[in-house]
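Heads up: the structure comes next, in structure tokens.
The values are calculated or read from the model by the stated rules, or taken from the named source; none is laboratory data. Because the structure is a prediction, the values reported are computed rather than measured. Methodologically, a virtual Cβ is constructed for each residue, glycine included, from the backbone with ideal geometry; neighbour enumeration extends over all protein chains shown.
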Amino acid sequence: MTCRVGSATKRLTQTHFWAPGCSPMRRLIVRDELCTGCRACQVACVARHEGLFGVYTARLRVIKDEPLGLDHPQVCRLCGRAPCVASCPNGALSRHDTTSAVILRVELCNSCSQCVQACPFGMIGLHPQSNLPLVCDLCHGEPACVQRCPTGAISYGDLPCDSPRPPAMHLVRPDPKYFRVGPGDAE
């Protein structure tokens, strides 16, 4: 199968990082310029998954660039080859057939944290009580973060295969000191 990517036509396979099989894939789409930093997306995520109020166990993050006064929502990229899934020694992580989200089978997870280390974007953390991975499951196709975002900075939709890759800043693993989860970590 061929796909037009940027100004070149490339031959793609099912293992291509950005456009598996060159078919559009529903995913979370972030528009940084619309984010106000309110963190309603994080609160909605925690409320949906934990039934609690807070942001520490959210499956997404909002990074504040203080010098520039900008906020950047960070979400799971739904990697084509999903290194988190591949790294799991027990098969506790898999892809959902419909949404392509990463799904955790709690009964198979041994909390080894290999998925945390494997995520190239630093988007997986461990829950402070259960020690299970905090992985975005797209709320089974109805992401709470999207429903709650007041500005539309986070949306859920098809991303065509000829869309540009994320900016290079997203390819660098964030400093882990900002993403630890648990008591005493929010200094």
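Filtered by the rule that a residue be more than 15 Å from the chain's Cα centre (by Cα) and assigned to a loop (DSSP other than H, G, I, E, B), region 92-115 gives ALA92, ASP97, THR98, ARG105, CYS109, ASN110, SER111, CYS112, SER113.
How many of the residues making up region 123-137 are part of a loop (DSSP other than H, G, I, E, B) and of a type in the set (Gly, Ala, Ser)?
Counting residues in region 123-137 that are part of a loop (DSSP other than H, G, I, E, B) and of a type in the set (Gly, Ala, Ser) gives 1.
Of the residues making up region 105-127, one or more are in contact with a helix residue (DSSP H, G or I) (Cβ under 6 Å, 6 or more places away or on another chain) and either in contact (Cβ under 8 Å) with a residue 60 or more places away in the chain or among the polar types (S, T, N, Q) (or both). Could you look through region 82-113, keep only residues that are closer than 16 Å to ASN131 by Cα and among the charged types (D, E, K, R), and pick out the one that is surrounded by the most Cβ atoms within 10 Å (Cβ to Cβ)? The selected residue is ARG105. Among residues belonging to region 138-153 that are closer than 12 Å to VAL75 by Cβ and not in a helix (DSSP H, G or I), point out the one that is nearest to the chain's Cα centre (by Cα). Taking the candidates together, the pick is PRO143. Do we have any residue at all in region 21-42 that's at pLDDT 95 or above, assigned to a helix (DSSP H, G or I) and farther than 19 Å from LEU126 by Cβ? Within region 21-42, one or more residues are at pLDDT 95 or above, assigned to a helix (DSSP H, G or I) and farther than 19 Å from LEU126 by Cβ.
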